[in-house]
Amino acid sequence: MVREFAFAAAVLASLTADAHTMVTGWAYPPACCRGSELGGDCERIPDASVSKGRRGFSITLRPGDHHLVTREHRFQIPYGDEIPSGDSDYHICLHPTEHHMNCFFAPPDGV
């Protein structure tokens, strides 16, 4: 019983350590993402959700663009406030609710 509990604890610890790691190997900063890959508040969003303007990024999220979004939301992110993503995709973290953008990630060539 003790051995089984120790094994289960070790497996859980290894899953927790990688909870914010993407398939490509980069990870969301802990300050941005709460939860796990499946239930966290960070997720890749479609390129079509993001447009670039004179002053920054305009993001329009619709249901289906992010697992937390239940209605349309618009966010403005000034240039320089984005975080470089570790892949070629845009990502957003919504916390504490879907109405609040916590972190926005843009591909390094996305600016």
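The values are calculated or read from the model by the stated rules, or taken from the named source; none is laboratory data. Keep in mind it's a predicted model, so treat the numbers as computed, not measured. Positions of Cβ are backbone-derived with ideal geometry, glycine not excepted, and every protein chain shown enters the neighbour counts. What goes into the accessible areas is simple: the full protein's heavy atoms, side chains included, and nothing from ligands, DNA or RNA. Shrake-Rupley method; radii C 1.70, N 1.55, O 1.52, S 1.80 Å.
Legend: residues S58, S49, sorted from most to least accessible area (1.4 Å probe; ligands, DNA and RNA excluded), read S58, S49. By its C-alpha gyration tensor, with a ≥ b ≥ c as the square roots of the eigenvalues, how is segment 56-111 shaped: rounded for a/c under 1.5, else prolate for a/b larger than b/c, else oblate? Prolate shape, in that a/c is at least 1.5 and a/b is the bigger ratio.
Restricting segment 68-111 to GluC sites (Glu not before Pro) that sit in a DSSP loop and have at most 14 other Cβ atoms within 10 Å of their own Cβ leaves E72. State, to one decimal in nm, how far the label point of D81 lies from the label point of R44, with both points 7 Å from Cα in the Cβ direction. Label-label distance for D81 and R44, simple model: 2.5 nm.
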